[in-house]
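Since every read-out is calculated from the coordinates, none of them should be taken as a lab result. This structure is a prediction, so every number in the text was calculated from the model and none was measured. Here Cβ is always computed from backbone atoms with ideal geometry, including for glycine, and neighbour counts include all displayed protein chains.
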Amino acid sequence: MTIPSDSAERRPSLHDVASLTDQLVSHFIDNVAQCDISPGTPMASTIGAITRIALEIARGMLEGCDITHELGELATIAAGLACDSVPIDLVLRGFHEGIRIVAGQLFAQYQDCTRETVIDGFQIAMTISDQLCLTVTHAYLGEHGAATFGQDAERTLTSALLAGQWTPATARRCGIPIADTYSVLAIAMRANPDTGIALHYLHRVRKALAQHSDGQGLARLSIDGGTVLIPTEAVAEDELDSLVEALAGAAQVELVAAVVAAPAADVASAAKTAHEMLDVVERLECAPGLYRFGQLALEYQLSRQGLGLSLLGELLAPLERYPELRKTLRVHIANNLNRAQTARIMDIHTNTVDYRLRRIARLTGLNPARASDLWQLRSAMVAQDCREDNPRE
């Protein structure tokens, strides 16, 4: 695809690619991506690279140069974006915005544009846009076509295991062996990024999972979290904390998880229990990280419906009129009674924390500073949070 040579004498030029790259990257992050992309992150570097090569291609087309090498670079970057599940519409919108801005700046150099000049400039812009968009589209189609079978096979087997409906024949058709036992992780991602960029971070999680499980991990994930199945022979139990930290690092968000080990035949019920544990962890606003059943046995049991649950929940009834006291108690318990940390999280003075804890003691008759009373307060909080008619705060 070339620009007609008869317009050569009227073509504008792109001189400072580096400066334009910085300007367009900032515009993309602020107005197209619509999410926080920090400088120095892989996504920011990729945006800079694809912007720079797109400008090099545009300049080459304007100057009539051979751009075969640059088009190959663009296709490689685009294939990587497709692999990382970055939506193609974001890339194409970025191109269109870039062409709009650059064309406006180039035409601003000419005070008296004739009708012919405007038409010629429009045709040049469309020719460059077509070349960029076609290159990216072909790269995306090629990458998705190559990856489709493996992804479909993994999704099929994961769904079958989680539904308790897998068979040896299912595994053979998918080409993925069934492990004897799995670590079943229920995962929640906190403060995940907005819009289509979230899919990029989700794919980074999948890549980290494959890397840290020797490619044997299975997952059903969304941008909010999901379920991960890790063969116990691939990742030892004491290595699961490091795995969760790696997934959180890949997603660049706080991540909380609960794990239950089970044989393949019991994966479905283990996943149900793991997600019930995760729900307790989330309701109690526990710190990010991995939680095991032994750590949550009491809280999990207290969350089961019954008369005891209702009676425990009533211990906090005196605090219903004082939401700031309930919040203080929740935060204080969640960070292991650290007054300074409670004050920092709630943006109050430590003396205010002490005052509120004393009020809680007076209202409930249970002193958070006494171990026996604290046990009852924590149990009551679990019970109240897990009542079916009590939504999360």
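Data for the structure
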quantity: Length added when fully stretched, GLU233-ASP89, from 0.36 nm per residue minus Cα-Cα; calculated: 47.8 nm
quantity: For VAL253, distant residues with modelled amide H under 5 Å away; calculated: none
quantity: Mean projection area, nm², convex hull over Cα of the stretch 184-299; calculated: 6.7
quantity: Theoretical gain in end-to-end length, GLN211 to ASN31 [0.36 nm per residue, Cα-Cα removed]; calculated: 61.4 nm
quantity: Translational diffusion of the stretch 307-385, µm² s⁻¹ [Kirkwood Rh, Cα pairs; Stokes-Einstein; 4 °C; 1.567 mPa s]; calculated: 104
quantity: Signed unit charges on C-beta, dipole axis of the stretch 179-292, positive-most listed residue TYR201, VAL256, PRO288; calculated: TYR201
quantity: Residues whose placed amide H lies under 5 Å from that of THR232, excluding near-sequence neighbours; calculated: THR181, TYR182, SER183
